[in-house]
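First comes the structure, then the notes that go with it.
Each value in this text was obtained by applying a stated rule to the coordinates, not by laboratory testing. Nothing here was measured: the structure is a model prediction, and the numbers come from that model. Ideal geometry is used to build each Cβ from the backbone, glycine not excepted, and the neighbour counts take in all protein chains shown.
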Protein chains: 2
Amino acid sequence: MHPEFETYLRRSGLAEEAVRRVSDLAVARKLRRNELLFSAGEICRHKVFVVSGLLHTFNISAGGNQHILQFAPENSWTLDVESYDRQIPSQVSIGAVEPSEILCWQKKDFDMLLAEVPQLKKFAEGLIARNIHYSRKRILISLSATPEEKYEDFIQTFPDYLARLPLRMIAAYLGISIKTLTRIRHAQLLR
Amino acid sequence: MHPEFETYLRRSGLAEEAVRRVSDLAVARKLRRNELLFSAGEICRHKVFVVSGLLHTFNISAGGNQHILQFAPENSWTLDVESYDRQIPSQVSIGAVEPSEILCWQKKDFDMLLAEVPQLKKFAEGLIARNIHYSRKRILISLSATPEEKYEDFIQTFPDYLARLPLRMIAAYLGISIKTLTRIRHAQLLR
DNA sequence: TGAAATTATGGTCAGCTGACCATCTTTAGC
DNA sequence: GCTAAAGATGGTCAGCTGACCATAATTTCA
């Protein structure tokens, strides 16, 4: 049904029966470049797995500046947790940076799967732990690192994003201006 | 055994039997002001509940500046997740801002409780969800807010901390200098 | 392929921010 | 209660950062 996703789940250690149950409830969808999954103010109704492409979770502040909370490349999951968990309007938007193929689950379906497929539950807990660890690291960096250190950490952590993303999005993710990012890159060229 | 904690757990919806099992494995400990639970480089071996007082999770950067990841007041939990989950050296330290009374569980004991007390597991999942929501909010603010907005949000979110914490710790939590914080407060006095 | 949009870079400048230092006030702990 | 330590504020200044604008390069997509 969704062969790439099923391979991903098998590699993550789920048994065939579990893979089947999860995969059966997924609905495939394609997003064009810049197409939105939902906008700020709407409710995040689905759990989303990215089969191919690249999504980003972002917010446009009062001044019109974009701020990026997360990127979601192929073989990763995305949603706005707070909006999804509580089914309340989201503060953020999720959209496609590249043309993307995604799988969507209704919240009620995925909740049912979590309750009935222990292997999935366990797997999801691992994803949550990774998420928490990364959030902590990001908060610590945002508190303590200089713009240059933030950029260095970014390309260490996500080496392939540099070629896939416009620099302005990297700046929007790091919380620095595109000008500062350009200056850092310029300075590095001279080394 | 630990009456305040047991009241907290009951109010959180746990049945008497569950309360008893969790409480029985807790070890009480007192911390003096500025005493550390553990230092960066050590492993976070316990899950900690704060009965009274106030702890903080922090890190000292290369330049000697303190950065604060989290405060944990009475009736809240604290630990360094990554160090605790994987039992690896922590990047951060946890210490007492005020003289504090805490309860500690060994990881193996708490893991056992989570596996055997479904009500605790469910409760812990709720705490994790809150934690994730708050981390997201904090990242978004760190990306998008001005120092003044960060301070405003802080006193909205934690109204009582202003009276309990030295300003330099608030600055260390917000990722701004004490000087900038003083300037903001000075400007607000004139309004 | 070609036109339009997006992106990256650079110049300039105002002003915010942090570092350093000094002073005064408050708090901690014996 | 008293003494020492910690904390808060202010002055000053250098310099980093972002806003604005222009230009050149690249990419998109019809």
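How shielded is B:57-70 by partner chains, expressed as the average number of their Cβ atoms within 10 Å of its Cβ atoms?
Numbers: counts 2, 2, 3, 1, 5, 2, 2, 0, 2, 2, 7, 3, 4, 2.
Partner-chain Cβ atoms within 10 Å, mean over residues of B:57-70: 3.
List B:F154, A:F5 from most exposed to least, where exposure is judged by having the fewest other Cβ atoms within 10 Å. Before the final figure, lay out each step's value.
On the way: B:F154 18, A:F5 21.
Listing B:F154, A:F5 from fewest to most nearby Cβ atoms yields B:F154, A:F5.
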Per-residue [θ]222 nm for chain A (sum of -39500 (n - 2.57) over DSSP H runs n ≥ 4, rounded to 500): -15000 deg cm²/dmol
Pairs of alpha-carbon atoms within less than 8 angstrom and 6+ residues apart define the contacts here; what relative contact order does region B:58-191 have, in percent? 22
Going by the alpha-carbon gyration tensor, a ≥ b ≥ c the square roots of its eigenvalues, is region A:92-191 rounded (a/c under 1.5) or, if a/c is not under 1.5, prolate (a/b greater than b/c) versus oblate? prolate
Search the structure for amide H atoms under 5 Å from the amide H of A:A40, placed 1.01 Å from N in the peptide plane, and list their residues when 5 or more places away or on another chain. A:S93
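Remind me, relative contact order of region A:3-117 in percent, using alpha carbon pairs under 8 angstrom and six or more residues apart? It would help to have the intermediate numbers written out before the result.
Working: 228 pairs, mean separation 42.6, N = 115.
So the answer I get is 37 percent.
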A:V27 neighbourhood, Cβ < 14 Å, K/R = +1, D/E = -1, net charge +3
Whether region A:1-65 is rounded, prolate or oblate, judged on the alpha carbon gyration tensor where a/c under 1.5 counts as rounded: prolate
Most exposed first by the Cβ proxy, i.e. fewest other Cβ within 10 Å, how do A:S90, B:S52 rank? B:S52, A:S90
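Of A:K107/B:K108; B:K47/B:K179; A:K107/B:K137, which pairs sit farther than 31 Å apart, going by alpha carbon to alpha carbon?
Numbers: A:K107/B:K108 33 Å; B:K47/B:K179 35 Å; A:K107/B:K137 22 Å.
Distance filter (> 31 Å) returns A:K107/B:K108; B:K47/B:K179.
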For the protein assembly as shown, just say rounded, prolate or oblate: build the C-alpha gyration tensor, square-root its eigenvalues into a ≥ b ≥ c, call rounded for a/c under 1.5, and beyond that prolate if a/b exceeds b/c, oblate if not. oblate
Scan around B:L54 for amide H atoms under 5 Å from its own, H built in the peptide plane at 1.01 Å from N, and keep only partners 5 or more places away or cross-chain. B:V97, B:E98
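Quick check: convex hull of the Cα atoms in chain B, volume per residue, rounded to a whole Å³? Mind dumping the intermediate values first?
Working: hull volume 24.1 nm³, N = 191.
Enclosed volume per residue, from the Cα hull, is 126 Å³.
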